[in-house]
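The structure appears below as structure tokens.
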Amino acid sequence: MSRLISLFALLAVIGLGAQPANAKSYTLTLCGASPGGLWSLLGAGVDAAMKAAYPGSTVTYQTSGGGFANVGLLRQKKCELAIVHDAEARLALQGKKPFKQAASDLRAIAVLYNWAPMQFVVTQDFAKKHGINSFEDIVAKKAPIRIAVNKRGNVVSQVIESMFAAAGASFADIKGWGGQVVFAASKEMSNLIKDRRIDSFGNGIFVRHRSIRQPGEAVPLKLLNVSDATIAKVGGDWKIGKFTVKGGSYKWAPDNVNTVALSAQLVALDSMSADDAHNITKALIDNVGKVSGVHKAMKKLDAKLMAGSSTPYHPGAAKAYKAAGLQ
């Protein structure tokens, strides 16, 4: 009996000594955006991945004004992790408006999605009247278009403004042609075009999002293709990728349409320890299904995609991707 007790004691000691580093738990805050949106679901996915890798861990989702605000919140130590668009990260790293100085300490942990394309729709009546068959035709024809874009201060409206610049026009030019530029949220755009108070809108949003799909059921719409030249110029300026909206994604858009797309990424500061950045990244790699499962729009997320940010990676994150053969 004494030998059995000694054996059990030895096994217990061995068991305790062999406990993985996962015995560590994390308490983190992740800055996202408004409550109830996709980013809040992504926050829940990151929390689930950390809990799976490090039982007892908690990732608390902090609502905020979005990516621009999140860079400031990170640097104010209000959160350890944040979600930002790739275009927002680029502005932050360069210290361009709305940032007053470069956030050179911003580092990527993981790409979360890269399929939020800039989609430009126009009513079929307006397109037929003015011969609009592509995004660039708006500029070439100097069409007196009433177009809605995202609210001022939103990176999507900044990217759209740069797309018009690449095509050879400014928002002021549109007004000069007798058109109008309206700054509105996604739902507002949808209602404005359904009420025929605008002719067009542009938005960086998932394919088949209801804000595009629903007005298309009320008003005949056309989805505009963006030229390779515009895509190359804007993609180079913002470090964002080309995206193809597959034909048939909308009943009224039978052909493939090319454009550019924003991505969202999880970021931290370079002051985060290499071990912590590595552990968080490895937790996401090993439990990517916890994040991709939060919404059907996220099903394409995999570890390879997470490793493909244009923002410099935290050394600890890069180590985890290299170990997994992803970088």
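The values are calculated or read from the model by the stated rules, or taken from the named source; none is laboratory data. It should be emphasised that the depicted structure is a prediction, and the values quoted were computed from it without experimental measurement. Neighbour counts run over all protein chains shown; Cβ positions are idealised from the backbone, glycine included.
Structural remarks
- Subset tally (residues that are basic (Lys, Arg), touching a residue at least 24 places away in the same chain (Cβ under 8 Å) and outside any loop (DSSP other than H, G, I, E, B)) for segment 299-314: 0
- Considering segment 47-160, the qualifying strands (runs of 3 or more DSSP E), each wholly inside and each with 1 or more residues that are over 18 Å from residue 189 (Cα atoms) and in the same structural domain as residue 319 (by TED's automatic domain parsing), run over 58-62, 81-85, 106-123.
- Residues in segment 158-188 that are closer than 20 Å to residue 228 by Cα and not acidic (Asp, Glu): 12 in all.
- If you go through segment 271-298 and keep only what is at pLDDT 95 or above, under 22 Å from residue 51 (Cβ atoms), outside any helix (DSSP H, G or I) and not β-branched (Val, Ile, Thr), you end up with 272, 273, 287, 293.
- Single residue of 302, 255 found to be among the acidic types (Asp, Glu), assigned by TED's automatic domain parsing to the domain that holds residue 155 and either surrounded by fewer than 20 Cβ atoms within 10 Å (Cβ to Cβ) or at positive phi (or both): 255
- All of 61, 113 fail the test of being in contact (Cβ under 8 Å) with a residue 24 or more places away in the chain, among the hydroxyl-bearing types (Ser, Thr, Tyr) and closer than 18 Å to residue 308 by Cβ, apart from 113.
Condition check ((1) within 20 Å of the chain's Cα centre (by Cα); (2) assigned by TED's automatic domain parsing to the domain that holds residue 86; (3) within 11 Å of residue 147 (Cα to Cα)) across all residues:
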| site | (1), (2), (3) |
| --- | --- |
| 176 | no, no, no |
| 187 | yes, no, no |
| 192 | no, no, yes |
| 218 | no, no, no |
| 230 | no, no, no |
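- Selection status of residue 317, of a type in the set (A, V, I, L, M), outside the structural domain of residue 191 (by TED's automatic domain parsing) and either assigned to a helix (DSSP H, G or I) or over 22 Å from the mean Cα position of the chain (by Cα) (or both): yes
- Answer residue from segment 167-200, given it is closer than 25 Å to residue 298 by Cα and among the hydrophobic types (A, V, I, L, M, F, W, C) and is surrounded by the most Cβ atoms within 10 Å (Cβ to Cβ) among those: 189
- Number of the condition not met by residue 105 [criteria: (1) crowded, with 21+ Cβ neighbours inside 10 Å; (2) within 30 Å of residue 302 (Cα to Cα)]: (1)
- Of the set (1) part of a loop (DSSP other than H, G, I, E, B); (2) within 30 Å of residue 253 (Cα to Cα); (3) small (Gly, Ala, Ser), all apply to residue 166 but (1).
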